[in-house]
Amino acid sequence: MKKLFLTFLILCSFGLISQAQTKPYLTLEEAIKIADAAQAKSTAEGWNMVIAILDDGGHLVSLRKMDGVQTGSIDVALGKAKTSVFFKRPSKAFEDMMKADGGGRISTLPNVVAIEGGLPIFKDGVLVGAIGISGATSAQDGLVAAAALEAMD
């Protein structure tokens, strides 16, 4: 009887745990939709880019390297996305801070790439990931990232 009761408690706790997972998250389907939108915008503009999408823990969900883009843009795109996911703000915010008086201190922060092109991804007001774009100018990278996130709406 004791074993039956313990088994019942364990099974019930698994049910409660699975029901308690209510935090929004970035699905693979959503990441693909965002990456498709980024690729469409960059193709329309004639820019070859790397498109990196991370989850809320900074782990890679999707990476696309368009034909002809320099391989160095892979690490830059990942860095921009990490900046946005770890600090919950666009990487451009750090670029702007670098331009301000005393902004050089920003370069000492870990996981900060202070270049436009990284944006956090929110769902229902909760950070679920980030996108990082690299391959063109930082302003062009930012335009593609912004266009990509419009696909979330």
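Couple of notes before you dig in:
- Local electrostatic count at Val113 - Lys and Arg +1, Asp and Glu -1, tallied over other residues with Cβ under 12 Å: -1
- Farthest towards the positive end of the charge dipole of the chain, among the residues Ser138, Ala40, Pro120, is the Cα of Pro120, using unit charges on the Cβ of Lys, Arg, Asp and Glu.
- Fraction of accessible area attributable to carbon and sulfur, region 71-153 (%, probe 1.4 Å): 56 percent
- Using Cβ point charges alone (K and R +1, D and E -1), the dipole size of the chain about the Cα centre works out to roughly 700 debye.
- Gaussian network model of the chain, Cα within-10 Å springs - most flexible of Lys80, Lys23, Lys41: Lys23
- Cross-linked pairs Lys41/Lys88; Lys88/Lys123; Lys41/Lys99; Lys33/Lys65; Lys33/Lys123; Lys65/Lys92: Cα-Cα separations exceed 18 Å for Lys41/Lys88; Lys41/Lys99; Lys65/Lys92.
- Taking the helices alone, the chain has a mean residue ellipticity at 222 nm of -15500 deg cm²/dmol, built from -39,500 (n - 2.57) per DSSP H run of at least 4 residues and averaged over all its residues.
- Expressed as a whole percent, the proportion of Cα-Cα pairs in the chain lying more than 24 Å apart is 38%.
- Residues whose placed amide H lies under 5 Å from that of Ile115, excluding near-sequence neighbours: Glu95
The values are calculated or read from the model by the stated rules, or taken from the named source; none is laboratory data. Bear in mind the structure is a predicted one, so any value in this text is a computation, not a measurement. Virtual Cβ from ideal backbone geometry, glycine too; neighbours counted across all protein chains shown. Only protein heavy atoms, including side chains, enter the accessible area calculation; ligands, DNA and RNA are left aside. Shrake-Rupley method; radii C 1.70, N 1.55, O 1.52, S 1.80 Å.
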